[in-house]
1. List the pairs whose first member sits in region 32-48 and is within 18 Å of Trp108 (Cβ to Cβ), whose second member is polar (S, T, N, Q) and not in a loop (DSSP other than H, G, I, E, B), and whose Cβ atoms are under 8 Å apart, counting only residues at least 6 apart or on separate chains?
2. Given Val62, Val56, which one is touching a strand residue (DSSP E or B) at 6+ places or on another chain (Cβ under 9 Å), over 26 Å from Gly199 (Cα atoms), assigned to a loop (DSSP other than H, G, I, E, B) and aliphatic (A, V, I, L, M)?
3. As an exercise: evaluate Gly70 against (1) at positive phi; (2) in contact (Cβ under 8 Å) with a residue 12 or more places away in the chain; (3) over 16 Å from the mean Cα position of the chain (by Cα) and give the number of the one condition it does not meet.
4. Can you say whether Ser15 is within 13 Å of the chain's Cα centre (by Cα), surrounded by 19 or more Cβ atoms within 10 Å (Cβ to Cβ), outside any loop (DSSP other than H, G, I, E, B) and polar (S, T, N, Q), as far as the supplied structure shows?
5. Do any residues in region 181-200 that are closer than 15 Å to Thr92 by Cβ have Cβ atoms under 7 Å from those of residues that are part of a loop (DSSP other than H, G, I, E, B) and of a type in the set (D, E, K, R), where the two are at least six apart or on different chains, and which pairs are they?
6. What tally of residues in region 171-224 results from selecting those that are among the small types (Gly, Ala, Ser) and in a loop (DSSP other than H, G, I, E, B)?
Amino acid sequence: MTSKAIVLVSGGLDSATCLALASQQGYACYALSFDYGQRSRSELNAARQVAEAAGVKDHKRVSLGLDALGGSALTDTSIAVPEGGTEGIPVTYVPARNTVFLSYGLAWAEVLDADALFIGVNSLDYSGYPDCRPEFIEAYARMMNLATKKGVEGGEISLQTPLIHLSKAEIIKTGIRLGVDYSLTVSCYQADEDGAACGVCDSCLLRKAGFRDAGVEDPTRYKH
């Protein structure tokens with residue numbers, strides 16, 4: 001039987017590449033996206049298009065409402081999205097977001113008896129987010145097999161992070177090789193309803209530099 005994998009799909013460049021890698025490895029892929037009250041609503045449409053293009057077995061969108069807690073420029077419109085680059089942990093960090101996302105992914109993995117859970121975190125171009133670091137991933141991987149029925153009964157669910165040590169340019173080159181259509185993806189923190197990017201937030205700057213360094217034409221639609 002084909003092994004199953006849950007793949008977290010945000011609609012961005014990294015998660016689209018992660019999904020393509022999971023598929024290349026032979027997994028039957030189940031995509032999971034989150035409506036968590038994010039500022040950029042168009043990424044949810046992008047996630048749907050990416051999942052459809054990849055031919056996933058199923059695609060679920062779960063509503064979380066992290067905007068009720070606030071504390072991030074991505075979930076609280078009263079906090080401005082920084083433009084032109086930042087230092088330290090930026091205000092676009094959503095507290096505990098990856099912990100929450102992975103927990104839902106783990107729950108679905110148990111329901112489907114999946115063998116792997118994929119997330120497209122990256123420790124090089126990660127914008128200073130603490131929940132994208134290898135230390136966090138290692139700790140979560142240990143925890144999740146202590147916390148699950150499958151783990152207790154002698155099985156294992158592996159936490160896969162195939163992009164964690166790649167630069168943005170390397171991620172893009174990998175995706176191009178696998179046939180990822182990056183024009184479907186939305187990375188901008190403040191994209192408009194149609195998915196057009198601002199071009200000046202941290203995420204846009206990293207994306208622009210990635211395509212430039214990869215020597216690949218940038219298919220991103222910008223507002224200006």
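1. Cβ pairs passing all conditions: Phe34/Ser63; Asp35/Ser63; Tyr36/Ser63; Leu44/Ser33; Ala47/Ser15; Ala47/Ser33; Arg48/Ser33.
2. Working: Val62 fails: assigned to a loop (DSSP other than H, G, I, E, B).
That would be Val56, the only listed residue that is touching a strand residue (DSSP E or B) at 6+ places or on another chain (Cβ under 9 Å), over 26 Å from Gly199 (Cα atoms), assigned to a loop (DSSP other than H, G, I, E, B) and aliphatic (A, V, I, L, M).
3. Every listed condition holds for Gly70 apart from (2).
4. On the way: within 13 Å of the chain's Cα centre (by Cα): yes; surrounded by 19 or more Cβ atoms within 10 Å (Cβ to Cβ): yes; outside any loop (DSSP other than H, G, I, E, B): yes; polar (S, T, N, Q): yes.
Taking the combined requirement at face value, the residue satisfies it.
5. Partner pairs satisfying both residue conditions: Tyr189/Arg39; Gln190/Arg39; Ala197/Arg221; Ala197/Lys223; Cys198/Lys223.
6. Within region 171-224, the subset among the small types (Gly, Ala, Ser) is 175, 179, 183, 187, 191, 195-197, 199, 203, 209-210, 214-215.
Narrowing further to those that are in a loop (DSSP other than H, G, I, E, B): 179, 187, 191, 195-196, 199, 215.
Residues that pass the stated criteria total 7.
Quick note: the coordinates plus some simple rules give every number you see, no bench work behind them. This one's a predicted model, so the numbers in the text were calculated from it and none came from an experiment. FYI the Cβ positions are ideal-geometry reconstructions off the backbone, even for glycines, and counts take in every protein chain you see.
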